[in-house]
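What follows is a short report on a single structure.
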Amino acid sequence: MELPRRPRGDELLRPGELLALRRRLRSTAPRHDLTAVLACAFDHRTRMLPFIYADTRMAPAGVRAVGSALVDSGFEKVRIVLQQWNRRFQPSRMKLDGRIPDLFMVSSMAIHGQEAMAMIRDACRIDEASRPLIIAGGPRAVYEPHLFFNDDPADHGSADVVVTGEEFVLLSLLDVLLNLRAKGESMRSAFYRARDQGALDAIPGLVYPIVDRSGRPIELVNTGVQRLLGDLDELPSPVLGYRLLEPPGRRADLGSEPLPANRIRRLSPISSVVLTYGCKFACPYCPIPAYNQRQHRLKSGPRIAEELDQLQRTYGLRYFFGADDNFFNDHARTLDIVSTLAEAEFDGKPLRQRVRWHTEVTVHDTLKMREHLPLIQESGCRGLWLGVEDMTATLVKKGQNANKTVEAFHLLCDAGIGPHPMMMHHDSQPLYTRKSNYGIVNQVSQLRKAGAISVQVLMLVPARGSVLHNGTYESGQAFESVAGRVVQPWMHDGNYVIASHADRPWIKQINLWLAYLSFYNPLSLIAALRRRKAKLRDKRLAMQLVGMIGLTQNLRRTFMWMLRLAMGRFKRTVHPPVSSIPMRAVDDDLPTDTPQIITSAQLTHADKALSQLPG
């Protein structure tokens, strides 16, 4: 379900609050000499269209942002492990600076959840006395924090705490722990004392367990929805995070040194950067507006220009992808950013000649920005991903229709900006329709003729954090298993038909293949080759090659699922996924059988007693 909204006026941090926290930690962190390993979970079964290539050639922004925040806050001994590059990594064998890390953090999307839990279980194999504090985070943690805890008596593989927010929440947690930590005490021990004293309850954005004598979670405590950073200029430089990457390899432990700067461009030629957050639309299948508390957050033009320049100079990076929800959301602020990028010069060299950036927008806002598209292209923009979803607006209405979509694509192509549509296939949509553009193949073909560089076609599935999530289950649309095969987290990427009221859902699976095939095929490649003087020709050729290779992966990975849909029995579920462990808010009444937690009102007395302890 959607995240609840904080009280109006309390959605954002106070200006300068993140900066003040980082300054405070810089004075504290050196005394503790902590080591930390961040792991980005990745399930290689998700390697297919539309994610192939970028999934391993673009170091994720999330773990890099956390790494940057840690280094900027005074934690110098940090390593980032990408499971995309280090498939055999085993946390139980990791050592940094010659010792087991004090902190082990796992970031995961929902589709990579099984790999995240596998790493957490492996980390729990470390001897109790040496085990690091295990912190889970990422998109999966925001909406399903309970999945990082395990109440199975035979399997104690659980995180110690889950961060359901951004960098400020994690740094606030560390700030509390370091202020309580005694000399020589493990971070895990400091965390348990902070938990039992109620010292974590004033940090919105955490979920932690209350455990029994055996260490099994018997209750989860949720400290609430985070406060968001409003001014993204307060974020630390993304340059710092790239310095922490573990080199790709087959080893299970960590290398002695991080990835050299001169290898970053070759291994991660695309750099994801944060530009803006938030979208004014409220699509029922999308969790983005609720996550952002209906706020629009952004960086200033000068800050963005400075970051792109630093990343280009330091690592030779040239191609950037903005991690935006809708870059054109606020037209005035967008113009301020692109005008700055178009005019920016560093050491007499125009930035627009050295970098190329891409991001996500909507058809509606693209048309509103039509007269400014040449300026946007001049600023270095060379591609925009547009959430078309359905050209007929039957699935969702965002001010788009077939004519407006085609017009927007023509405007972008004329400006030298490649349009990349993102489409959704749904139950009521056929493969092909006569004398209309309602069929998915009709729409994909029309977009290709209008100048689309690539296409993304995904099946509508239950989206965590969206309005439609619970209803999809309660209506009996979602499959629990098909022909005895249980639906797994990695199958929620939109490439598998896992929710459908259709009598023959296997047809929907084939429709996805045919929709891609109508765009990526040898005939389209030949047509692009023959258009020698056409704008964006080279991009179309490159995307056709990537698309045809990726489509073979889609067919290989989803073929057996299609057969199960065609020949097996479906077991549907009418119950949305829920936590098997009871969860409560910090201000809820404590059950009588729950271990008592000292409240914040009692914390002062506890702190005084703690200060009298030796060390």
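The values are calculated or read from the model by the stated rules, or taken from the named source; none is laboratory data. Just so you know, these numbers come straight off a predicted model, no measurement behind them. Note: ideal-geometry Cβ built from the backbone for every residue, glycine included; neighbour counts use all protein chains shown.
Each row is one residue, and each column tells you yes or no for (1) in contact (Cβ under 8 Å) with a residue 24 or more places away in the chain; (2) assigned to a loop (DSSP other than H, G, I, E, B).
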| residue | (1), (2) |
| --- | --- |
| Ile126 | yes, yes |
| Arg131 | yes, yes |
| Val142 | yes, no |
| Ala159 | yes, yes |
| Lys183 | yes, yes |
| Phe191 | yes, no |
| Arg213 | no, yes |
| Leu220 | yes, no |
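List the helices (runs of 4 or more DSSP H) that sit entirely inside the range 297-393 and contain at least 3 residues that are closer than 29 Å to Glu11 by Cα.
301-315, 331-343, 363-368
Of these, Gly383, Gly348, which one is in contact (Cβ under 8 Å) with a residue 60 or more places away in the chain and out of contact with any Cys (no Cβ under 9 Å at 6 or more places or on another chain)?
None of the other options fit; the residue is Gly383.
What number goes with the only condition from (1) small (Gly, Ala, Ser); (2) in contact with a strand residue (DSSP E or B) (Cβ under 9 Å, 6 or more places away or on another chain); (3) surrounded by fewer than 15 Cβ atoms within 10 Å (Cβ to Cβ) that Ala499 does not pass?
Condition (3) is where Ala499 drops out.
Looking only at the range 489-514, filter to residues that are in a helix (DSSP H, G or I) and polar (S, T, N, Q); which one of those is farthest from Arg564 (Cα to Cα)?
Asn511
From Arg540, Arg556, grab the single residue that is farther than 30 Å from Ile417 by Cα and either in the same structural domain as His44 (by TED's automatic domain parsing) or in a helix (DSSP H, G or I) (or both).
None of the other options fit; the residue is Arg556.
Given the conditions (1) charged (D, E, K, R); (2) assigned to a helix (DSSP H, G or I); (3) in contact (Cβ under 8 Å) with a residue 40 or more places away in the chain; (4) surrounded by fewer than 15 Cβ atoms within 10 Å (Cβ to Cβ), report the number of the one that Glu480 does not fulfil.
(2)
Among the residues of the range 255-271, count how many are hydroxyl-bearing (Ser, Thr, Tyr) and either surrounded by fewer than 19 Cβ atoms within 10 Å (Cβ to Cβ) or part of a helix (DSSP H, G or I) (or both).
Matching residues across the range 255-271 total 1.
Within the range 243-254, can one find any residue that is buried (at least 18 other Cβ atoms within 10 Å of the Cβ) and within 17 Å of the chain's Cα centre (by Cα)?
no
Note down all Cβ pairs under 7 Å where the first residue falls in the range 239-255 and is among the acidic types (Asp, Glu), the second is in a loop (DSSP other than H, G, I, E, B), and they're at least six residues apart or on different chains.
Glu246/Asn86; Glu246/Leu254; Glu246/Gly255; Glu246/Pro258; Glu246/Leu259; Asp253/Met94; Asp253/Lys95
Has the range 462-478 got at least one residue that is among the β-branched types (Val, Ile, Thr) and at pLDDT 95 or above?
The answer is no; no qualifying residue exists.
Any idea which residue in the range 368-423 is surrounded by the most Cβ atoms within 10 Å (Cβ to Cβ), counting only those that are farther than 23 Å from Phe321 by Cβ and aliphatic (A, V, I, L, M)?
So, considering only residues that are farther than 23 Å from Phe321 by Cβ and aliphatic (A, V, I, L, M), the one surrounded by the most Cβ atoms within 10 Å (Cβ to Cβ) is Met391.
Residues that are over 25 Å from Gly547 (Cα atoms), assigned to a loop (DSSP other than H, G, I, E, B) and not assigned by TED's automatic domain parsing to the domain that holds Glu144: does the range 441-462 have at least one?
yes
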